[in-house]
1. Name the residue that is farthest from Leu10 (Cα to Cα), counting only residues in segment 111-122 that are at pLDDT 95 or above and among the basic types (Lys, Arg).
2. Restricted to segment 82-104, and to residues that are in contact (Cβ under 8 Å) with a residue 12 or more places away in the chain and β-branched (Val, Ile, Thr), which residue is surrounded by the most Cβ atoms within 10 Å (Cβ to Cβ)?
3. Which is under 11 Å from Val17 (Cα atoms), out of contact with any Lys or Arg (no Cβ under 9 Å at 6 or more places or on another chain) and of a type outside the set (Lys, Arg), of Leu108, Leu61?
4. Which ones in segment 111-127 are at negative phi, touching a residue at least 24 places away in the same chain (Cβ under 8 Å) and surrounded by fewer than 15 Cβ atoms within 10 Å (Cβ to Cβ)?
5. Condition first: surrounded by 10 or more Cβ atoms within 10 Å (Cβ to Cβ) and outside any helix (DSSP H, G or I). Now tell me which residues in segment 52-64 satisfy that.
Amino acid sequence: MNPIGHHAALIYTMVVVSASDGNMSEKELRAIGAIVQTLPVFRDFDEDRLLATSQECAAILDEDEGLDAVLGLIRNTLPEHLRETAYWLALEVALSDSRVMLEEIRVLELIRRALGLDRLVSAALERAARARYQTA
């Protein structure tokens, strides 16, 4: 399996969550695009590579043990200081369509474990993400 860079690892994280329920919704895809366009971590990423990077991830997910392979790539690629960012991005995508499916919750837990994130840190990120999408 080819090595990937930190941009791809972050995109893979978002794609895994979006694809987890078998339906990459339009809202989730727009959220991924907006994140890549606006966050500082993607400042030096060529946005024209977003579709190809997403498709690379989807191709791996289609293989036997694909989810494990993608999680391994993410874990082995991301430096420690971007692991919380990756989890937050996963939460953003999961919440972007105003519903979090059971499959997404399961994948979020797998991502948390793969990244080795502390439960308290994860809970804080989850709470912040929920607060961001709260409605009146």
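1. Arg113
2. Val93
3. Criteria check complete, one pass: Leu108.
4. Val121
5. Correct list: Glu63 only.
Per-residue answers, yes or no, for (1) polar (S, T, N, Q); (2) more than 21 Å from Leu29 (Cα to Cα):
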residue: Asp46; (1), (2): no, no
residue: Ala52; (1), (2): no, no
residue: Gln55; (1), (2): yes, no
residue: Asp64; (1), (2): no, yes
residue: Ile74; (1), (2): no, no
residue: Tyr87; (1), (2): no, no
residue: Ser96; (1), (2): yes, no
residue: Arg99; (1), (2): no, no
residue: Leu102; (1), (2): no, no
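Yes/no per residue for (1) touching a His at 6+ places or on another chain (Cβ under 7 Å); (2) more than 14 Å from Val15 (Cα to Cα); (3) not in a loop (DSSP other than H, G, I, E, B):
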residue	(1), (2), (3)
Arg83	no, yes, yes
Glu103	no, no, yes
Arg106	no, yes, yes
Glu109	no, yes, yes
Ala124	no, yes, yes
Ala129	no, yes, yes
Thr135	no, yes, no
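Yes/no per residue for (1) under 20 Å from Arg132 (Cβ atoms); (2) in a helix (DSSP H, G or I); (3) aromatic (Phe, Trp, Tyr):
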position: Leu29; (1), (2), (3): yes, yes, no
position: Leu50; (1), (2), (3): no, yes, no
position: Val70; (1), (2), (3): no, yes, no
position: Leu73; (1), (2), (3): no, yes, no
position: Asn76; (1), (2), (3): no, yes, no
position: Ala86; (1), (2), (3): yes, yes, no
position: Val93; (1), (2), (3): yes, yes, no
position: Ser98; (1), (2), (3): yes, no, no
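The values are calculated or read from the model by the stated rules, or taken from the named source; none is laboratory data. These figures come from a predicted structure and were not determined experimentally. Here the Cβ is made from the backbone with ideal geometry for all residues, glycine too, and neighbour counts use every protein chain on show.
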